[in-house]
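Inspection log for the structure reproduced underneath, given as structure tokens.
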Amino acid sequence: MNTRNTTIARTGPRVLLALALTVFATTTLMGQNISSRYSSAPFAEGEVLRYSVSWSFVNLGSVEIRQSSKRVPGDPRRRVQFTARTASGVPFIDLDIKDIALLLPRDPRCTDFIVRKNHDPKEKKHYRYNPETKHFSVVHSPEGQPVKKNERKEARRCFDAVGMLMYMRGLAGSGENVNVPTLMDFEIVNTRLTCHREVEEIDVEAFDDDVPAHRVSVSAGWEDESAGGMQGDYEVWFLDDPSAIPVYAEIDLALGSIDIELESVKRPGWKPGATAARLQRDSENKGGAR
């Protein structure tokens, strides 16, 4: 193995995985209004979606999206959690990220959002937004260091990381093509979101046969374009079904692409069409999430 490839093998996967797992769930839309084409149908208590993450032929880790079946009395928001971890035995990589959001299905914009990194160096960021006072804050708690708080008045409503994913699900297949500000680490950059109407056939591990899906293209003009060649461009395919389950994502990097593929699905009360119903049974027989 030459020196260049050795360097990539040792340091590339760590950078690539960190980028992939955070980009898939940390791009954040900002806007004044919810699109009239948005549907809250993807929200379903008890849903569990599990994914594999790979780079070339290397299994880097896993992703889980979980909608809690528990609610706080009197609070109409739903708890949605995104977890990303490296696979055991992957050298030079230790990544464990958990994003937790409280979201209102009819308006999944940010009100309470936590980003927790359980790998070294451990840290937690807690974002809060009050729509009435327009007060936006983030509390940063790095392990072993003083807690830092940043706050400002922000008239624009925004989507947190998890809320953005749910918003994309609600817009899949809508034909929306919008350029929106994006919040990244309490800063704002521009993002273009294109929700294609065309139906594509996608082959994923969760189902035996190809499944119909709508593609959503995301392009972000991020200022920092040096990290692993990441420029914020990626695509996600959502099941052509009211559930709009994300079945596949592809993230382009200078050193290749990261693939995130659905492996299992659990969605209580899900009543898809005849074809999708058969695929769901196949998925459950293959060891779907429990």
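One table, with the values for the structure above:
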item	result
Of residues in region 137-150 being out of contact with any Lys or Arg (no Cβ under 9 Å at 6 or more places or on another chain) and either of a type outside the set (Lys, Arg) or in a loop (DSSP other than H, G, I, E, B) (or both), the one nearest to His119 (Cα to Cα)	Gln145
Leading residue by the ranking (farthest from the chain's Cα centre (by Cα)) among those in region 43-55 that are assigned to a strand (DSSP E or B) and farther than 18 Å from Met168 by Cβ	Trp55
Failed item in (1) assigned to a strand (DSSP E or B); (2) touching a residue at least 60 places away in the same chain (Cβ under 8 Å), with Gly170 passing the rest	(1)
When residues of region 105-130 are limited to those that are under 15 Å from the mean Cα position of the chain (by Cα) and within 23 Å of Arg169 (Cα to Cα), the one surrounded by the most Cβ atoms within 10 Å (Cβ to Cβ)	Pro108
Pairs with Cβ under 6 Å, 6+ apart, first in region 109-122 and closer than 18 Å to Met164 by Cβ, second modelled with pLDDT under 90 and assigned to a strand (DSSP E or B)	Cys110/Cys158
Residue count, region 187-216 (criterion: touching a Phe, Trp or Tyr at 6+ places or on another chain (Cβ under 8 Å) and either exposed (fewer than 15 other Cβ atoms within 10 Å of the Cβ) or assigned to a loop (DSSP other than H, G, I, E, B) (or both))	2
Residue match in region 157-176 (condition: at positive phi, out of contact with any Cys (no Cβ under 7 Å at 6 or more places or on another chain) and loosely packed, with under 13 Cβ neighbours inside 10 Å)	no
Residue satisfying condition, being of a type in the set (Gly, Ala, Ser) and farther than 21 Å from Ile100 by Cβ, within set Gly144, Gly170, Gly163	Gly144
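The values are calculated or read from the model by the stated rules, or taken from the named source; none is laboratory data. Values in this document were obtained by computation on a predicted structure and should not be read as measured data. Note that each Cβ is placed from the backbone with ideal geometry, even for glycine, and that neighbours are counted across all protein chains shown.
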